Amino acid sequence: MTTEQMVLEIARRVRASGGRALLVGGYVRDRLLGAASKDADLEVYGLSGPALRALLAGVGEPYDKGAAFCVLGLRHYDIDIAMPRRESLRGVRHTDFDVTADPFLTFEEASRRRDFTINAMMLDPLTGEIIDCWHGQEDLRRRVIRHVADDTFGDDPLRVFRAAQFAARLEAEIAPETVAICRGMDVSHLSRERVFEELSKALLKAERPSVFLRALRGMNQLGVFFPEMEALMSEAAFEPAGQVLDAAASLRDQAAEPLNFMLAALLQGLPDAFEDGVERAARQLDRLTNNVRGMRYVKNMLALRTQPEHLAASQADRPHSRMMFDASLCPGDLALLARARGCGSAWLAERLADYEARLAEPMLAGEDLIAAGYRPGAAMKALMAQARRLHFAGLDKAAALSEILKTNAPEGRRTPQ
């Protein structure tokens, strides 16, 4: 049974028990936009908690997915099932809410806790009826990000970053009254993981991710998590940097590591604009993530970012371009970043293909050097690096070994005169 089929089955059983199950949140928004959603959120009215759990046990294996927020999951399905609830803030962390489930709330009361009107719509999966208490359909049509309730919207400061990523993803404007509330929200208690999640959505789903940063700047909310980008935005250099970021978005589906690729595209403007830009980029990256692979990838990409442009401009020989790609953790992604930065794609494509073809050829290995009389140890690393350079210069294994023997004869072996 597919997720959609299970949603219908649950809705039918809820209706037979005297209640009503409604699809809510992003699923409804995405459906109206004609976009597919991999998961579904169901809100069940008219049934108590025990009754709902018993009903779900009749169709699958329910489990507590978010006990603090009265959310159940169903194993093997991407479905969140919850009762309508009220939430009231009691602290500064995102878990600091008192939650009260009430299956008999009105639709308006239940949807009032939502962040934006476009996320507060409900859809009856059995009838197709859309319940829209806050005019979300109109805001979606007009591409406006507007908060639902003045008195509760500010309870969760993550909504600042959610507003920005929706503005980017939907090419939307944030309503002035929502901007005004966001400007007064304290985001300093948020974890970088939660902020990074919203940034990732903008980087991976928006056609113009630069809108995310511009929206945050408009809300005066860049400083805590994006101070280096705030400094860049105060410079004229942000316009070309933003153009590169948006150009990279059109190429990200071709990247081997799309998120890391987009992070590199986000930060590449810093080394271009500032003398200490590499250090600034490293600091900015540290504020966003501690993922070891991601950090190595981005720093490697930033270190190599200008080499394709310089080599293409000078029409450098193949050994130079091969060594450039060999220094990259992800050569194909380096070529994509160079394209986003305006480096000609034909030259890059030809040189990348040349590198990959040469890489596939047999290369002098450590065992070959040992067989020639060299001993394993610290010096072997330098010999292997030399062998690699000779390989990309076009020498076959025998010629590479001969060249190494000329300059670095093994102990006890004289180089032939």
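Dipole size of region 157-220 about its Cα centre, with +1 on Lys/Arg Cβ and -1 on Asp/Glu Cβ: approximately 100 debye, rounded to the nearest 20.
Restricting attention to region 38-173, close to 75% of DSSP beta bridges with both partner residues there are antiparallel.
Could you tell me which of rounded, prolate or oblate describes region 157-220, using a ≥ b ≥ c as the square roots of the eigenvalues of the alpha-carbon gyration tensor, with rounded for a/c under 1.5 and, failing that, prolate when a/b is larger than b/c and oblate otherwise? In terms of gyration-tensor shape, oblate.
Overall, the chain carries a charge dipole of about 940 debye about its Cα centre when +1 sits on the Cβ of Lys and Arg and -1 on the Cβ of Asp and Glu, all other atoms neutral.
Normalised by 2.2 N^0.38 Å, with N the number of residues, the alpha-carbon radius of gyration of the chain equals 1.29. Could you point to the residue in GLN254, GLY344, GLN315 farthest towards the positive end of the chain's charge dipole, with +1 and -1 charges on the Cβ of Lys/Arg and Asp/Glu respectively? Farthest along the dipole direction, towards plus: GLN315. Taking trypsin sites (Lys or Arg not before Pro) in DSSP loop conformation with at most 12 other Cβ atoms inside 10 Å as exposed sites, the chain has its longest uninterrupted site-free stretch at 94-412. Give me the percent of DSSP beta bridges within the chain that run antiparallel, rounded to the nearest 5. Approximately 80 percent, going by the DSSP bridge assignments.
Within the chain, the longest run free of exposed loop sites, counting GluC sites (Glu not before Pro) that sit outside DSSP helix and strand states (H, G, I, E, B) and have at most 14 other Cβ atoms within 10 Å, spans 276-410.
Residues considered: VAL244, VAL99, VAL160. Largest GNM mean-square fluctuation over the chain, using C-alpha springs under 10 Å, is found at VAL99.
Selection among PRO240, LEU359, THR3 by position relative to the dipole of the chain gives LEU359 as farthest towards the positive end (Cβ unit charges, Cα centre).
No value in this document is a laboratory result; all are computed from the given coordinates. As the structure is a prediction and not an experimental result, all values here were calculated from the model. We place every Cβ from the backbone using ideal geometry, glycine too, and count neighbours over all the protein chains shown.
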